[in-house]
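Presented below is the structure to which this report refers.
Just so you know, all these numbers are worked out from the coordinates, no wet-lab data involved. From a predicted model like this one, the values you see are computed outputs, not experimental measurements. Cβ sites come from the backbone with ideal geometry, for glycine too, and all protein chains shown count toward neighbours.
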Amino acid sequence: MTTKGWTRQQLLIAFGLYCQMPFGKMHSRNPEIVKYAELINRTPSALAMKLTNIASLDPAIISTGRKGLSGASSADKKMWEEMQKNWETFALESDSAMIKITKSEDRNDTSEPDEKDEDDHTGFDKEIKTKVRIGQSFFRRSVLSAYNYKCCITGLSLPKLLVASHIIPWRSDPSNRLNPRNGLSLSVLHDKAFDLGIITINNDMTIRVSNVRDSKSDQFYQSAIKSYDKKPIASPEKFAPLQEFLAYHRDNIFQG
């Protein structure tokens with residue numbers, strides 16, 4: 001195994017894994033880490049250590065007292081800043097690196113549902129459609145892994161019933177379409193309620209339910225939606241939602 005400095009391609013793969021892997025699985029025994037470590041000519045321990053070094057740069061990790069390791073290199077910090085500035089470019093470049101190293105044409109997990117297509121791509125060429133698909137897949141895995149593949153409102157943990165829900169809608173802010181901090185892991189029901197402005201999230205990460213569509217005679221609505229009013233969402237392990245994104249949702253989408 002090489003002991004030289006990490007190449008850009010190796011860092012792209014490491015950062016891609018960090019974004020799309022639950023924090024609790026970033027250890028050298030994880031089969032996915034073992035697989036990619038071999039492919040990039042690193043030991044599983046070295047790759048796992050790199051992921052925990054990256055974690056030391058994540059405010060969501062630091063804020064909980066989990067500082068990861070303290071060995072983040074200047075190259076790590078540079079790529080972290082690069083990733084934050086342009087999520088779309090990073091997602092495409094990282095995914096391309098993973099495809100190249102695995103010689104795979106499609107890394108999508110077919111057990112997961114396709115994300116809702118929020119824009120009409122009719123007439124778009126194949127390259128643009130491919131970029132959209134890669135971006136949506138990256139966003140889904142990054143957001144859901146941050147919440148350990150559970151709905152942050154209900155705790156539902158069936159991946160086929162989970163959606164990586166945009167806080168600011170896809171069409172409204174192109175620069176943050178793939179930013180995991182613009183996402184919440186929600187059940188399909190609560191994703192729809194969030195999109196319609198029936199629910200929103202307060203600054204203190206508690207749920208606010210609109211009174212506009214309240215139906216006291218609807219027992220299902222009362223138990224599945226209204227009962228979560230003022231309750232806190234589960235905190236993500238990484239990529240905590242930005243307050244400015246939540247404020248946008250409250251001001252522009254929520255039916256308060």
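In plain terms, the bigger the Kirkwood radius, the slower the diffusion; for the range 147-256, with that radius from Cα pairs, at 4 °C and 1.567 mPa s, Stokes-Einstein puts D at 93 µm²/s.
Full extension of the chain segment joining L196 with K131 gains 20.7 nm, where the gain is 0.36 nm per residue of separation less the Cα-Cα distance.
Between L196, L162, L186, where does the largest GNM mean-square fluctuation fall for the chain, given springs only between Cα atoms within less than 10 Å? With Cα springs under 10 Å in the chain, the top fluctuation among L196, L162, L186 is at L196.
Take the Cβ atoms of R8 and S215, set R0 to 45 Å, and the FRET efficiency comes out at 0.25.
The length gained on full extension between N203 and A75, counted as 0.36 nm times the residue separation minus their Cα-Cα distance, comes to 42.7 nm.
A Cα-only calculation for the chain places Rg and Dmax at 19.0, 66 Å. Normalised radius of gyration (Cα atoms, divided by 2.2 N^0.38 Å) for the range 1-102: 0.99. So which of K50/K150; K25/K131; K35/K238; K50/K78; K25/K78; K131/K160 end up more than 19 Å apart by C-alpha? Check vs 19 Å cut-off fails for K50/K150; K25/K131; K35/K238; K25/K78; K131/K160.
Spatially, the range 131-173 and the range 2-31 are offset by 21 Å when compared through their Cα centroids.
Mind ordering 18-25, 244-251 by average Cβ neighbours within 10 Å, highest first?
Averaged packing, sorted descending, gives the order 18-25, 244-251.
Annotation: extensible slack from I62 through R250 equals 65.0 nm (criterion: 0.36 nm per residue apart, minus Cα-Cα distance).
Helices assigned as whole DSSP H runs in the chain whose Cα atoms extend at least 20 Å along their own long axis and whose mean Kyte-Doolittle hydropathy is -0.5 or higher are found at 87-102, 126-146.
A Förster radius of 35 Å, combined with the Cβ-Cβ distance separating K103 from R29, puts the computed FRET efficiency at roughly 0.90. Can you give me the Rg/Rh ratio for the range 124-197, using Cα atoms for both radii and the Kirkwood formula for Rh? Rg/Rh for the range 124-197 comes to 0.99.
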